[in-house]
Amino acid sequence: MLGVAHAQEEGAGAEVAEAVQEASTSPLSDEIESLKKKALELNRDLLILEEELLFPANTQVMVFLSLDVGAYFRLDAVKLHIDDKLVASHLYTPRQNDALSRGGIQRLYIGNIKTGEHELTAFFTGIGPDNREYKRAATVSLEKDDDPKMLELRIKDSTANMQPEFDFKEWQL
């Protein structure tokens, strides 16, 4: 009797495995996979649309930060103000400073501003010549039109006066 019950269990196990195999290749599982793909595509499209709505090209401003050499200045922090309003701030680690000094560029800010005249001011703190605390600012006036604007905030070494220089450069799109 025990042998018959064991044989029935093995037969039931084979039937379950067969049913699982059939279900995994059934039209229903194909339809589920198709729906998953469509959901992923829809999610991607929604993310793209959301970014376009949040950052329309006619109001978009992007600010990037670069560091050239870095012999006269080690960056600790930067704060970016647009029209006297703080819009971005960042503290830098030694690894980030190293990456910037090797040619890296950091996206410091991406956002929207109205068309018209605006003032961007960046405040820098760090260690300057002779290992002393160093604080400087750079300001630029920006005429925002219907096109997106991209600015590079550059920290360069000036070997002529052995000091760092801070300036903005507008990228042409």
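The values are calculated or read from the model by the stated rules, or taken from the named source; none is laboratory data. These numbers come from a predicted model, not from an experiment. No Cβ is skipped: glycine too gets one built from the backbone with ideal geometry, and neighbour counts run over all protein chains shown. The accessibility values were calculated without ligands, DNA or RNA, using every heavy atom of the protein model including side chains. Shrake-Rupley method; radii C 1.70, N 1.55, O 1.52, S 1.80 Å.
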Among all residue pairs at least 6 apart or on different chains, which show Cβ distances below 7 Å where the first residue, located in segment 63-78, is touching a residue at least 40 places away in the same chain (Cβ under 8 Å) and the second is assigned to a loop (DSSP other than H, G, I, E, B) and open to solvent by less than 20 Å² (accessible area, probe 1.4 Å)? Y72/G128; F73/G128
Please determine whether any residue of segment 140-149 is surrounded by 12 or more Cβ atoms within 10 Å (Cβ to Cβ) and small (G, A, S). no
Within segment 115-130, considering residues that are closer than 12 Å to I82 by Cβ and either in contact with a Cys (Cβ under 8 Å, 6 or more places away or on another chain) or of a type in the set (D, E, K, R) (or both), the one most open to solvent (accessible area, probe 1.4 Å): E117
Taking segment 92-109 and keeping only residues that are closer than 16 Å to F166 by Cβ and open to solvent by 80 Å² or more (accessible area, probe 1.4 Å), one is left with I105
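Residues that are in contact with a helix residue (DSSP H, G or I) (Cβ under 7 Å, 6 or more places away or on another chain), surrounded by 10 or more Cβ atoms within 10 Å (Cβ to Cβ) and of a type in the set (K, R): which strands (runs of 3 or more DSSP E) entirely in segment 37-91 hold 1 or more of them?
On the way: elements: 60-68, 74-82, 85-91.
Strands (runs of 3 or more DSSP E) meeting the threshold: 74-82.
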